[in-house]
Amino acid sequence: MLELQHISFEVNEEGQDKEILHDINLTIPDGNLTVITGPNGGGKSTMAKLIAGIFKPTEGKILFNGEDITEMSITDRARKGVGFAFQQPVRFKGLQVFDLIRLATGTKLSSVDACKYLSEVGLCARDYINREVNASLSGGELKRIEIATVLAKGSQLSVFDEPEAGIDLWSFQNLIKVFEGMRKKIKDSSILIISHQERILNIADEIVVLSDGKLIAHGPKDEILPGLEGTMSAVRGCGKGLLDEGGEG
């Protein structure tokens with residue numbers, strides 16, 4: 001279980017402190033898929049990076065399974081069971097897909113086992129297992145390969161920062177299927193997705209709404225989603241409604 005206790009985060013811009021997140025209290029239980037949504041600039045991606053350990057909060061504590069991980073690095077958090085998939089996956093020249101999945105597991109994984117993870121994300125293993133993780137792969141392919149590494153890692157908490165960014169419609173549809181498959185399998189683990197896409201919100205167990213750095217709603221999907229006025233233009237900060245509060249970050 002993940003707990004954020006009175007989390008605030010500030011950055012210094014041109015000599016002035018700017019608050020990105022303000023006094024966030026949030027619990028992400030095991031065994032469920034939670035989606036954090038809200039208008040652009042609401043603080044969603046910042047929260048993901050705080051959970052992963054890329055950023056450190058200005059105030060507050062982050063607890064994972066009751067342990068204070070606030071000051072832990074991204075590497076130490078990964079060892080504890082926190083997995084993170086970047087909005088823009090990193091490309092590695094000279095590194096093969098098989099190497100990347102093996103590194104994720106930290107074991108001498110066989111190519112057969114590595115292929116199973118690729119199959120789980122809808123990729124034909126024989127076409128990808130020996131390919132380099134470089135510019136020859138599309139954004140959608142990279143996203144699914146990165147998800148395969150998260151699956152291989154077996155993280156107790158898997159965090160995905162706007163996984164739909166930079167991919168085409170066909171890849172996005174396949175991405176939804178991957179998350180639906182992951183959701184069916186989670187038991188003692190949990191999935192956290194940062195997104196404003198309605199199809200991703202529709203597969204959530206719980207939805208968290210951030211706006212202007214503040215938590216303005218959190219609860220079961222069936223309670224929160226109707227309050228978004230049935231239009232994702234409001235979720236993106238483009239319409240008038242619950243989430244139309246803009247901002248940066």
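The values are calculated or read from the model by the stated rules, or taken from the named source; none is laboratory data. This structure is a prediction, so every number in the text was calculated from the model and none was measured. We place every Cβ from the backbone using ideal geometry, glycine too, and count neighbours over all the protein chains shown.
A few notes on this one:
- Residue in the range 174-195 that is surrounded by fewer than 20 Cβ atoms within 10 Å (Cβ to Cβ), of a type in the set (Gly, Ala, Ser) and assigned to a helix (DSSP H, G or I) present: yes
- Qualifying residue in the range 148-170 (condition: surrounded by fewer than 22 Cβ atoms within 10 Å (Cβ to Cβ), among the β-branched types (Val, Ile, Thr), at pLDDT below 90 and part of a loop (DSSP other than H, G, I, E, B)): yes
- Selection from the range 7-22 of residues that are on the phi > 0 side of the Ramachandran plot and either among the acidic types (Asp, Glu) or in contact with a helix residue (DSSP H, G or I) (Cβ under 9 Å, 6 or more places away or on another chain) (or both): GLU14
For every residue, the table says whether it meets (1) modelled with pLDDT of 95 or more; (2) over 19 Å from ASP161 (Cα atoms); (3) over 15 Å from the mean Cα position of the chain (by Cα).
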{"position": "LYS18", "(1), (2), (3)": "no, yes, yes"}
{"position": "VAL35", "(1), (2), (3)": "yes, no, no"}
{"position": "GLY38", "(1), (2), (3)": "no, no, no"}
{"position": "LEU50", "(1), (2), (3)": "yes, no, no"}
{"position": "ASP68", "(1), (2), (3)": "yes, yes, yes"}
{"position": "ALA78", "(1), (2), (3)": "no, no, no"}
{"position": "PHE84", "(1), (2), (3)": "no, no, no"}
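- In the set (1) over 25 Å from THR75 (Cα atoms); (2) over 23 Å from the mean Cα position of the chain (by Cα); (3) surrounded by fewer than 17 Cβ atoms within 10 Å (Cβ to Cβ); (4) touching a residue at least 24 places away in the same chain (Cβ under 8 Å), the condition left unmet by CYS124 is number (4).
- Qualifying residues in the range 129-140 (those that are touching a Lys or Arg at 6+ places or on another chain (Cβ under 9 Å) and either closer than 21 Å to PHE172 by Cβ or modelled with pLDDT under 75 (or both)) - the one surrounded by the most Cβ atoms within 10 Å (Cβ to Cβ): VAL133
- In the set (1) free of Cβ contacts under 8 Å to residues at least 24 places away in the same chain; (2) crowded, with 17+ Cβ neighbours inside 10 Å; (3) not β-branched (Val, Ile, Thr), the condition left unmet by GLY219 is number (2).
- The set of residues from the range 1-16 being of a type outside the set (Val, Ile, Thr) and more than 19 Å from the chain's Cα centre (by Cα) comprises GLN5, HIS6, SER8, GLU10, ASN12, GLU13, GLU14, GLY15, GLN16.
The rows are residues; the columns are (1) part of a loop (DSSP other than H, G, I, E, B); (2) in contact with a helix residue (DSSP H, G or I) (Cβ under 6 Å, 6 or more places away or on another chain); (3) touching a residue at least 60 places away in the same chain (Cβ under 8 Å).
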| site | (1), (2), (3) |
| --- | --- |
| GLN5 | no, no, no |
| ILE24 | no, no, yes |
| GLY31 | yes, no, yes |
| PRO39 | yes, no, yes |
| SER45 | no, no, yes |
| LYS49 | no, no, yes |
| GLY60 | no, no, no |
| ASP76 | no, no, no |
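- Among the residues of the range 96-121, just one is assigned to a helix (DSSP H, G or I) and either touching a residue at least 60 places away in the same chain (Cβ under 8 Å) or at positive phi (or both), namely GLU120.
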